[in-house]
Amino acid sequence: MRHGTDRGDDHTKRSAALSLDWSCLVAVAVPALVYIGVIVAHYDGRPYLRGDCQYYFYSAVSLIEDHDVDLMNNLPAPLSRHSDDVSLDRKGRLVPKHPIWMAVFALPFVVAFGPPGALIFNLLQLVLLLFLAFRFTRRFSSPWASALAIAATGSLSILPHYVWNFSPDVFSCLLLVAGLTALPADRSPGRLRHCLAGILFGLAAVSKFSLFLALPGLPLLCGRPLRKSIPALAFGFAVPMVFWCAFNLHLFGSPLTTSYDRMARIEGDVVWVHSQRSDFGLPLLVGARAQIMDRTHGLLFTSPVTLLSIAGLFTLARKDRGAALYLLVTFLLVFLFFSTYEQWVASHHGNRFLIPIMVLASVPLACLIDWIIDGPVRFPSLGHHG
């Protein structure tokens with residue numbers, strides 16, 4: 001009798017594992033097929049190294065060819081073309097305005113393939129983002145609800161519009177989701193995993209400064225007791241922060257002076273410095289409304305699946321109040337931050353600055369799908385019978 005029970009348990013475990021494997025494959029493969037189609041079609045026919053993307057590529061080229069971040073000999077002439085897109089260091093050199101971390105991680109691909117290496121890297125980071133987002137979403141919902149949520153987010157948000165690209169917003173979001181996935185799912189105080197998560201959170205924050213706003217709510221997801229998990233998280237976080245401060249000190253003379261405080265405005269032979277802090281003067285309510293309602297860049301018209309997903313926060317709260325509160329706080333902080341940013345529309349499609357919200361919103365979306373299947377609203381073809 002017991003052997004029969006053991007065999008039954010083994011069969012159940014194998015079935016669950018197989019279901020998880022197939023659901024993960026669907027979650028990643030469906031959007032990946034869309035992404036491959038985008039690449040085959042060359043999207044809109046314009047270069048994939050568009051806008052800010054080209055400057056991350058120039059940084060990679062400078063690191064490879066010159067072993068430095070002096071872009072003077074890497075920028076196509078005339079230099080006035082690059083006004084406000086590069087920074088001036090304390091020695092008078094033109095250096096990257098944008099964080100260099102994506103360029104560093106993409107170096108092997110650029111060395112091996114040249115400019116197409118940036119596109120290959122971008123596709124791979126998108127696929128990895130979906131995989132890690134599935135792993136994180138799976139903690140709060142069933143395998144197939146998670147798969148549907150990730151497939152919908154990966155295909156119906158603005159993400160397909162950032163395949164033909166070299167996207168720093170995807171890169172920083174990937175690091176954030178990797179950090180969340182590194183945290184112990186059972187809220188145990190494992191120091192090693194919290195340290196690894198801290199390193200990833202630190203890299204995310206120094207790759208996209210707005211992701212510092214994803215940090216205040218982290219204690220809601222950390223292991224208990226916090227006196228064991230938070231110090232490990234902080235130690236890991238300090239590692240990339242030390243490198244970031246040292247980099248700022250080397251280039252700009254102060255650990256807390258960033259490249260965005262030394263943006264170079266170039267007119268002919270005249271160069272002067274200004275700070276991007278001056279771009280955060282948009283009235284909060286005006287920016288908030290536009291980020292939702294703008295017909296070209298607003299969420300309602302470019303990524304409606306995100307708004308639907310956020311509606312699932314209540315169902316997530318019924319399963320994990322800490323996770324729901326973390327996402328709510330992070331969504332609000334990031335959204336309100338960019339509501340004051342005058343250049344938030346600087347995207348070729350939608351609002352790329354909200355990609356972290358779009359991706360993490362797959363968590364409540366999966367919970368909403370589970371609720372539809374198992375909750376008060378039942379569909380006989382999908383619901384459980386019994």
> At I36 and L124, where each label point lies 7 Å from the Cα along Cα→Cβ, what is the point-to-point distance in nanometres?
Replying inline: 1.7 nm
>> Compute a Gaussian network model of the chain, connecting alpha carbons closer than 10 Å, and tell me which residue from L180, L130, L25 fluctuates the most.
In response: L25
> What list of ³J(HN,Hα) couplings, whole Hz, do you get for region 196-201 from phi and the Karplus terms 6.51, -1.76, 1.60, once you set θ to phi - 60° and write x for glycine and proline?
Replying inline: 4, 4, x, 4, 5, 5
> How would K319, K91, K97 rank on accessible area, largest to smallest, probe 1.4 Å?
Replying inline: K91, K319, K97
> Once both axes come from the Cα atoms, what is the angle between helix 321-339 and the longest principal axis of the chain, in degrees from 0 to 90, rounded to 10?
Replying inline: 30 degrees
> What ranking do 46-53, 257-264, 163-170 get when scored by the average of other Cβ atoms within 10 Å per residue, highest first?
Replying inline: 163-170, 257-264, 46-53
> Comparing A133, A182, A77, which has the greatest mean-square fluctuation in the GNM of the chain with Cα pairs linked when under 10 Å apart?
Replying inline: A77
> Taking the Cα atoms only, what angle lies between the long axis of helix 115-137 and the longest principal axis of the chain, rounded to 10 degrees?
Replying inline: 30 degrees
> When the helix-only estimate is applied to the chain (DSSP H runs of n ≥ 4, each -39,500 (n - 2.57), divided by the residue count), what is the mean residue ellipticity at 222 nm, nearest 500 deg cm²/dmol?
Replying inline: -19000 deg cm²/dmol
> When the chain is modelled as a GNM with alpha-carbon springs shorter than 10 Å, which of P216, P356, P189 fluctuates the most?
Replying inline: P216
> Which of G117, G45, F353 sits closest to the plus end of the dipole of the chain, meaning its Cα is farthest towards the positive end, when Lys and Arg get +1 and Asp and Glu get -1 on the C-beta?
Replying inline: F353
> Based on the alpha-carbon gyration tensor of region 28-174 and its eigenvalue square roots a ≥ b ≥ c, which shape applies: rounded if a/c is under 1.5, prolate if not and a/b is larger than b/c, or oblate?
Replying inline: prolate
> Quick one, which of [x] 184; [y] 147; [z] 171 is the actual volume of the Cα convex hull per residue in Å³ calculated for this model?
Replying inline: [z]
> Which percent of the accessible heavy-atom area of region 106-242 goes to carbon and sulfur, probe 1.4 angstrom?
Replying inline: 76 percent
> Under 19 Å from the 7 Å Cα→Cβ point of D279, by amide nitrogen: which residues of region 338-368?
Replying inline: 338-357
>> So if I take the centroid of the Cα atoms in region 203-243 and the same for region 23-91, what is the distance between those two points in Å?
In response: 28 Å
> How far, in degrees from 0 to 90, does helix 53-65 lean away from the longest principal axis of the Cα atoms of the chain, to the nearest 10?
Replying inline: 70 degrees
> Mind listing the phi-derived Karplus ³J(HN,Hα) values for region 366-372, rounded to whole Hz, using 6.51, -1.76 and 1.60 with θ = phi - 60°, and x for any glycine or proline?
Replying inline: 4, 5, 5, 5, 4, 5, 5
> By per-residue mean of other Cβ atoms within 10 Å, what is the highest-first order of 111-117, 32-38?
Replying inline: 32-38, 111-117
> Once amide H atoms are placed 1.01 Å from N in the peptide plane, what residues at a sequence separation of 5 or more from S87, or on another chain, have their amide H within under 5 Å of its amide H?
Replying inline: V95, K97, A264
> Among the aspartates and glutamates, which have Cα under 18 Å from the Cα of K228 when same-chain residues fewer than 8 positions away are ignored?
Replying inline: D186
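The values are calculated or read from the model by the stated rules, or taken from the named source; none is laboratory data. This one's a predicted model, so the numbers in the text were calculated from it and none came from an experiment. For neighbour counting, all protein chains shown are included, and Cβ atoms are generated from backbone atoms with ideal geometry for every residue, glycine included. Areas reflect the complete protein model, heavy atoms only, side chains present, ligands, DNA and RNA absent. Shrake-Rupley method; radii C 1.70, N 1.55, O 1.52, S 1.80 Å.
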